[in-house]
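Have a look at the structure below, then the notes.
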């Protein structure tokens, strides 16, 4: 039986999604302070320092033995390896989108991601879908189609982020190990690729040769804002009902819209119309989730 503690869970979950929500501003600042910094080098630095941060967190929590156990378990590795690939894909697309002024597309993707996860659950895990779910997904699909005119073409960033993270979440659903341990193992799997990339392609002025103390501190900070939210998220999940966690996750893409505005992206009429369809779908999804949870409780009583 899960212990519900809102005083402990809500602040932790809020801190998690606040950091995730305002992350675009951090990467935007890195680009401005560091000058021209390509996405792949930024990604490599993020991976390395996120791995260091996560290892420090696990050391403090005394969970390093659990991490080593992951790499000894072939059955777990069969799931963690593809999860690492999809997490890598999600990160690289996200960083590229932020650097290229497409934060609103990221927000759109993270709004619809829970619905894509639900749809995959219905297909892969044979979870039951009602007629209400089909209507909700239909409304969201309309929003995605309309976004093509608002974003000047097919919103590839939105679709890529929603699909990759949904598949990632589906893989994670089959894992029973600690969430921080799991994600740390996935990041560690990326580290050799990141190190080799820097060693062979970014040791000159286009990478390590141009690093200053300020730039390196910003790269370290990128690792911290990647790893720290995981701690807050794990605390929140342990102390909050899943339904509350599900509702809280919409804070992050909402803040992403604010970040987009700060970074100069215009929320045009066409974009706003597509977002309205997505918001309607999200609100209906949340209301339907609340309705189904209450019906389950009534059935039990």
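We did not get these values from a lab; they are worked out from the coordinates using the rules stated. The structure displayed is predicted, hence computed values, not measured ones. Backbone-built Cβ (ideal geometry, glycine too); neighbour counts: all protein chains shown.
What full-extension length gain, to one decimal in nm, is calculated for residue 179 and residue 220 as 0.36 nm per residue of separation minus the Cα-Cα distance?
12.6 nm
Note on the chain: GNM, Cα springs under 10 Å; of 230, 219, 211, the largest mean-square fluctuation is that of 211.
Let me know the shape class of segment 6-300, please: from the alpha-carbon gyration tensor, a ≥ b ≥ c as square roots of the eigenvalues, rounded when a/c is under 1.5, otherwise prolate if a/b is greater than b/c, or oblate. Judged from the Cα gyration tensor, segment 6-300 comes out oblate (a/c at least 1.5, b/c at or above a/b). Note on residue 296/residue 262: beta-carbon distance plugged into 1/(1 + (r/R0)^6) with R0 of 41 Å gives a FRET efficiency of 0.50. The order of 188, 104, 95, going from fewest to most other C-beta atoms within 10 Å of their C-beta, is 188, 95, 104. With the simple spin-label model, which puts each label point 7 Å out from Cα in the Cβ direction, the residue 289 to residue 61 separation comes to 2.2 nm. Of the residues 39, 226, 289, 268, the one with the fewest other Cβ atoms within 10 Å heads the list, and the complete ranking is 268, 289, 39, 226. The calculated FRET efficiency for the pair residue 10 and residue 130, based on their C-beta separation and a Förster distance of 30 Å, comes to about 0.55. Extension gain, residue 52-residue 149: 0.36 nm per intervening residue step, less the Cα-Cα distance, totals 30.7 nm.
Cβ crowding within 10 Å ranks 59, 72, 173 as 72, 59, 173, fewest other Cβ atoms first.
Figure the gain on full extension for residue 197 and residue 254 (residue separation times 0.36 nm, minus the Cα-Cα span) and round it to one decimal in nm.
17.1 nm
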